[in-house]
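The values are calculated or read from the model by the stated rules, or taken from the named source; none is laboratory data. Just so you know, these numbers come straight off a predicted model, no measurement behind them. As a convention, Cβ positions derive from the backbone with ideal geometry for all residues, glycine included, and neighbour counts pool all protein chains shown.
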Amino acid sequence: MADIVTRFAPSPTGFMHIGNLRTALYSYLVSKSQGGKFILRIEDTDQVRLVEGAVDVILDTLKVTGIEYDGEPYIQSERLDIYKEYAQKLIDSGNAYYCFCTPERLESLKNDKGIGGYDGHCRNLPPDEIAKNLAEGKPYVIRQKMPDTGTTSYDDVVYGKVEIDNSELRDQIMIKADGFPTYNFCHVVDDYLMGVTHVVRGNEYLTSTPKYCLLYDAFGWERPTYVHLPLLMGKDENGNISKLAKRHGAVSFQDLVRDGYLPEAIVNYIALLGWCPKNTNQEFFTMDELKTEFSIEGLSKSPAVFDYEKLKWFNSEYIKKMPVDQYQQKALPVLDELCADYINKTKLAELLHTRISYFGEIPEQIQFVTTRPPMSTDLYTNKKNKTTPEICREILTEVLPLLESAEDWSNDTLFAVLKEYAVSHGKKAGAVMWAVRIAIGRQAVTPGGATELMEVFGKGESIERLKLAISELV
RNA sequence: GGCCCCUUGGUCAAGCGGUUAAGACUCCAGAUUUUCAUUCUGGCAACAUGGGUUCGAUUCCCGUAGGGGUCACCA
């Protein structure tokens, strides 16, 4: 069997939609799982939607996700002559024709319910009229001539046989009036010229693929293998499901990275949205593992809803597995920006390590550190530790001088001091810890216990918060 | 609306004629922990529906319903 060649052919829109990234991933894996080639082609034939710097976004995304393309990327806007040449071939063979219809006429056709699309008006223009129009410089497009009768079918690797009535097919435009080709035409030419054996793309192309098959046939080329992928969906707050879009949340790779999701976690998660490994329940995959485990048979037919909760879970697992220094490197800058100098950021970051699911969560998690939340004395009441505001007040006042005289402000020492106090005063350790933690943290739930928080705050701020808390308990 | 595709718990999903219908996320309960988190137990929850085919259908076929996609000088 000849080597597999797949491609990823995004248009430069300025951001990488997560569904698009998944398509790239699968396309890459279809090839690499078989030791094939994977090429990148930039489809920038829409002149009105050009976005500056958009190609870099694509390149960067592929780089950080570890999706490596072979050779240099192809740029369609640099290949215009090629498309014209091949369009001409189709005109010569009678499979395409010039169309001089005005946009206005096409518009009125569209609005006419009985017709609902192009009517083949220029299909059989006499040669001399075409020549005349051309000589006059009349704007024109080139259209593909579709068969009037019969059906066209192909075998999709994941969906099986797909058959369409040719009467459903319109004479689609291959070359636009501005001389640029349409996707419908140039991707076929490119895929052929670039030796693409497997076309891997989203299932929105499932029903237009017969048109492309017809193009291959018209050229006398062998059709590629088609691998259509189930769509990625989003769910809105009303439970309605549709193609994953902005209103569902962050939908570009860039958005997710900005929120503090790790590329490896994102890739791992989306790899499993529409694909499942055979003979294993494994959920965590490195790119290398994906390359060896991936098989087309594991692809699903039904659309998958993108679940932010599960992504969060994946990400938190990846964060937990991060080596400490690497983790600190990511967390510290965030803390540096938010926290006062006296805060022990390294310690705080350490506490956060098992508690955040993405780095964007840090600011709200540490709000009680950057500000002093309003105190509610109800917080001192805890059933399990049998504490009340009164008991806590007693504990805090007794513990304050002990802490003030503490020389070492490390977690271990502080813990020993409080434990010592609890034992010698016949108090439950949990009660003492509860009182101190509430006094310091000023909220019910805090990342870390009493002494850990004190270490984070340092002696000065800790004592101040303690005194403040006592004064509020009168 | 025409055409095409899809349909296992709330979500991702395994299953490919005979199973107590896996597993993961979420949620709940319990244990551990100086709170929370982590960790560890356990639990709730599914084959859209009606007909066939078959000794037997979640698995195969048809209809219905629901969802999605597509009908551009966008890709």
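Across the range A:266-320, the qualifying residues are those that are among the basic types (K, R) and within 11 Å of RNA strand B (Cβ to nearest atom), and the one among them that is modelled with the lowest pLDDT is A:K278.
Only residues that are more than 20 Å from A:D81 (Cβ to Cβ), within 16 Å of RNA strand B (Cβ to nearest atom) and either aromatic (F, W, Y) or in contact (Cβ under 8 Å) with a residue 40 or more places away in the chain (or both) were counted in the range A:200-228, giving 16. Can we say A:R247 is surrounded by fewer than 22 Cβ atoms within 10 Å (Cβ to Cβ), among the charged types (D, E, K, R) and at pLDDT 95 or above? The answer is no for A:R247.
Just to be sure, is A:D171 surrounded by 15 or more Cβ atoms within 10 Å (Cβ to Cβ) and in a loop (DSSP other than H, G, I, E, B)? Yes; evaluated as a whole, the condition is true for this residue. Counting only strands (runs of 3 or more DSSP E) that sit wholly inside the range A:210-302, those with at least 3 residues that are in contact with a helix residue (DSSP H, G or I) (Cβ under 9 Å, 6 or more places away or on another chain) are A:225-229, A:232-235. Among the residues examined, A:S405 qualifies as over 24 Å from A:D378 (Cβ atoms), away from RNA strand B (no atom under 13 Å from the Cβ) and not charged (D, E, K, R). Listed conditions (1) within 30 Å of A:K235 (Cβ to Cβ); (2) within 13 Å of RNA strand B (Cβ to nearest atom); (3) touching a residue at least 24 places away in the same chain (Cβ under 8 Å) are all met by A:K330, apart from (2). The set of residues in the range A:299-331 being within 14 Å of the chain's Cα centre (by Cα) and aliphatic (A, V, I, L, M) consists of A:A304, A:V305, A:L311. Residues in the range A:146-157 that are outside any strand (DSSP E or B) and either surrounded by fewer than 19 Cβ atoms within 10 Å (Cβ to Cβ) or modelled with pLDDT under 95 (or both): A:P147, A:D148, A:T149, A:G150, A:V157.
The residue that is surrounded by the fewest Cβ atoms within 10 Å (Cβ to Cβ), counting only those in the range A:421-472 that are in contact (Cβ under 8 Å) with a residue 40 or more places away in the chain and not in a helix (DSSP H, G or I), is A:A444.
Within the range A:111-125, none of the residues are of a type in the set (A, V, I, L, M, F, W, C), out of contact with any Pro (no Cβ under 7 Å at 6 or more places or on another chain) and not in a loop (DSSP other than H, G, I, E, B).
Total residues in the range A:162-181 satisfying the condition of being touching a residue at least 40 places away in the same chain (Cβ under 8 Å) and of a type in the set (G, A, S): the figure is 1.
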